[in-house]
Amino acid sequence: MACEALFKGTKVDGVYDKDPHKMKMQKYQSISFQDVLTKNLKVLDASAISLARDNDIPVIVFSITEKDAFLKVLNGDNNSSTLLIKV
């Protein structure tokens, strides 16, 4: 694959250990692809995560509903997103 990163806009501003709409949760600043799969976090389907991992493509998860969120992510604002990486 010829890309440097994959951006995924969602209803929340990153990846959490639990459903952020239902209970108290912890947001990950970064997390490995393997941990996403092991913890069964519903970020992307398993095949998309495996494809990104196998091609060493980081995935940046951010809120599509927050004003200027994509611009913040592009400018390096790590508080507005979670980075999925190969470790």
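The values are calculated or read from the model by the stated rules, or taken from the named source; none is laboratory data. Computed from a prediction, not measured in an experiment: that's the story for all the values here. Neighbour counts are summed over all protein chains in view; Cβ atoms, including those assigned to glycine, are modelled from backbone coordinates with ideal geometry.
Details
- Contact map, the range 53-72: residues that are on the phi > 0 side of the Ramachandran plot paired with residues that are in a loop (DSSP other than H, G, I, E, B), Cβ distance under 6 Å, separation 6+ or inter-chain. Pairs shown: 56/86.
- Of all residues making up the range 46-62, the number that are closer than 20 Å to residue 18 by Cα and either part of a helix (DSSP H, G or I) or at pLDDT below 90 (or both): 2
- Filter result for residue 36 (of a type outside the set (S, T, N, Q), under 13 Å from the mean Cα position of the chain (by Cα) and assigned to a loop (DSSP other than H, G, I, E, B)): no
- Just so you know, in the range 57-78 the residues that are touching a Gly at 6+ places or on another chain (Cβ under 9 Å) and not hydrophobic (A, V, I, L, M, F, W, C) include one that is farthest from residue 13 (Cα to Cα), and it is 65.
- In summary, residue 22 fulfils each of the numbered conditions (1) within 13 Å of residue 84 (Cα to Cα); (2) out of contact with any helix residue (DSSP H, G or I) (no Cβ under 6 Å at 6 or more places or on another chain) with the single exception of condition (1).
- If only residues of the range 29-43 that are of a type in the set (A, V, I, L, M) and free of Cβ contacts under 8 Å to residues at least 40 places away in the same chain are counted, the one that is nearest to residue 74 (Cα to Cα) is 41.
- Considering the range 1-28, the residues that are assigned to a loop (DSSP other than H, G, I, E, B) and at pLDDT 90 or above include one that is nearest to residue 74 (Cα to Cα), namely 5.
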